[in-house]
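Take a look at the structure set out below.
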Amino acid sequence: MEMWLKEMQIKDAAMTYKVKETLVRKKTKYQDLAILDTEAFGRMLVLDGIIQTSINDEFVYHEMITHIPLFTHPNPKKILVVGGGDGGAIREILKHPGVEKAVLCEIDEDVVNECKKYLPEISHALDDSRCEVFIGDGIKYVMEHKNEFDIIIVDSTDPFNNAEGLFGGNFYKDISNALTIDGIFIAQTETPFFLPETVKQVYQDAKSIFKVTKLFMAAIPTYPGGYWSFTIGSKKYDPTQVDIAKIPDMNTRYYTPELHKACFVLPKYVKDVIGEK
Ligand code: SAM
């Protein structure tokens, strides 16, 4: 019998993936967790029926959510990842030799443990001595830290349930307080094609708090809507003004210095969504 995962992209559209094997399926304290081995994308983490990451295309998302802010900041030493329990963002952050500490604040311990077991290619850096894994709510963690992180990365699930508060203006104010004086914030901010209102609201909230706010895009095959958006809020440095000639070589598959500039060039419909010319 053939098994297929059907992921609802929106209420009236879905994508399907042929499943070779269910490696784990459980109800955690916070969500329905599955790690599936699929024909087209290899092993993937699925939370509440939504694909989080897959072995075959995770590099796009994890490289873009990390290297854009880390190559924008001249000297990032201490980084916080909120969510991101698969460890992919931490793996990319720790490719930067200047980083002294990367903290992962993930609410669901089961995500970390199952990803360590079934997705070691993505999660292996969670055991690095420069990484600290803290299990708890990112909203509370950020509120309790002041002037501490050079970069905060919000690598969250979609804006529902536990992650809803990770998309609001109040959270971004707390993030600004937890950042150092020249700190940078970045978040995955959903699909402008299917969720324009979310993208617009996040962008406007960030813009009301940070000196520089920019949106960039990447095409991630398992994420809906063609293009995926990321929003950066920065207290000082403009990610579009980075001297790309100075970016050192790094072992990546998607991110390049040229792309660091090009990803900020937005299609007209996306500019319209965020109200920029
Ligand atoms: N790349 C992914 C995406 O966009 O689909 C995100 C992956 S990562 C697995 C998302 C993580 O955020 C989940 O493991 C979830 O448990 C965690 N999360 C959700 N709400 C959270 C909160 N309030 N604090 C900390 N982690 C949270």
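Laboratory data are not the source of any read-out in this text; all were calculated from the coordinates shown. Quick caveat: nothing in here was measured; it's all calculated off a predicted structure. Virtual Cβ from ideal backbone geometry, glycine too; neighbours counted across all protein chains shown.
A convex hull fitted around the alpha carbon atoms of the range 152-277 yields 122 Å³ per residue. Applying 1/(1 + (r/R0)^6) with r as the Cβ-Cβ distance of residue 251 and residue 146 and R0 = 45 angstrom yields a FRET efficiency of 0.85. Measuring between their Cα centroids, the range 140-180 and the range 34-113 lie 16 Å from each other. Shown for the chain are the DSSP H helices of 15 Å or more along their axis, judged by Cα atoms, with a mean Kyte-Doolittle hydropathy of at least 0.0: 58-72. At what distance in nm do the modelled label points of residue 269 and residue 177 sit from each other, each positioned 7 Å from its Cα along Cα→Cβ? Here the answer is 4.0 nm between the modelled labels.
Take the Cβ atoms of residue 75 and residue 127, set R0 to 22 Å, and the FRET efficiency comes out at 0.30. Computed from point charges on the beta carbon alone (+1 for Lys and Arg, -1 for Asp and Glu), the dipole magnitude for the range 3-54 about its Cα centre is near 200 Debye.
Among 62-69, 50-57, the peptide with the highest mean count of other Cβ atoms within 10 Å heads the list, and the full ranking is 62-69, 50-57. Estimated from helical segments only, the mean residue ellipticity of the chain at 222 nm is -7500 deg cm²/dmol, where each DSSP H run of four or more residues counts as -39500 (n - 2.57).
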